[in-house]
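First up is the structure itself, then whatever we jot down about it.
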Amino acid sequence: MAEADSYLSSEIACHARRPKRLPAVPMADYVFLPHTTDAYVQATGPTLEYALESAGKALFDTLCNLESIVPQVTEEIELNGDDEIVLLHDWLESLLLKFELENKVFAGFSVGRIVRSSDGLHATARISGEPYDKRKHGAKVEVKAVTYHKMEVVRQDGTTTVRFILDL
């Protein structure tokens, strides 16, 4: 019986570390799709800019309690990419580095118009948040990396959807 209790406790602890799984709802900002070990995220918006903003929210919702973040500081991030996939990766990687290296969390995201030029795509984003405090913001799961695996940008019926996997 003790072995069964030990197994159950480890299963509960394992599930407690995973981000919450939300049902797929059309036009929701983001949802966590089923995945065995990592966070598989689908973020949507009427444009790629809005979908990137939703992806930023999903990243920080994976890391901590998004609702507890107060927008005390605003920063700008320059985004560059050869294509939309690289731009999405650059965006998420920039945000993850802000968390890991600068110990900051963000809940406000505003991606400016994405401009295409001969050397790729460019945009400026404004992010709002505050210094990370584990007592205030909690700690859900550690995101080790943003991966290119299954990363995609899809446009359909006036909606832009981005999907990506966060390596936990």
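Listing for the model above:
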quantity	calculated
Identity of the residue in region 102-159, of a type in the set (S, T, N, Q) and over 18 Å from S54 (Cα atoms), that ends up surrounded by the fewest Cβ atoms within 10 Å (Cβ to Cβ)	S118
Matching residues, region 30-67, being among the β-branched types (V, I, T) and either assigned to a loop (DSSP other than H, G, I, E, B) or farther than 22 Å from V111 by Cα (or both)	T36, T37, T47
Any hit, region 16-25, residues being closer than 18 Å to I165 by Cα and modelled with pLDDT of 95 or more	no
Test: E152 is free of Cβ contacts under 8 Å to residues at least 24 places away in the same chain and not in a loop (DSSP other than H, G, I, E, B)	no
Tally, over region 74-97, of residues that are touching a residue at least 12 places away in the same chain (Cβ under 8 Å) and either touching a helix residue (DSSP H, G or I) at 6+ places or on another chain (Cβ under 8 Å) or surrounded by 19 or more Cβ atoms within 10 Å (Cβ to Cβ) (or both)	12
Of all residues in region 72-124 being assigned to a strand (DSSP E or B) and among the basic types (K, R), the one that is farthest from the chain's Cα centre (by Cα)	R116
Region 120-158, residues that are more than 26 Å from H35 (Cα to Cα), among the charged types (D, E, K, R) and in contact with a strand residue (DSSP E or B) (Cβ under 8 Å, 6 or more places away or on another chain)	R126, E130
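The values are calculated or read from the model by the stated rules, or taken from the named source; none is laboratory data. Bear in mind that the values here come from a model prediction, so they are computed numbers and not experimental data. For neighbour counting, all protein chains shown are included, and Cβ atoms are generated from backbone atoms with ideal geometry for every residue, glycine included.
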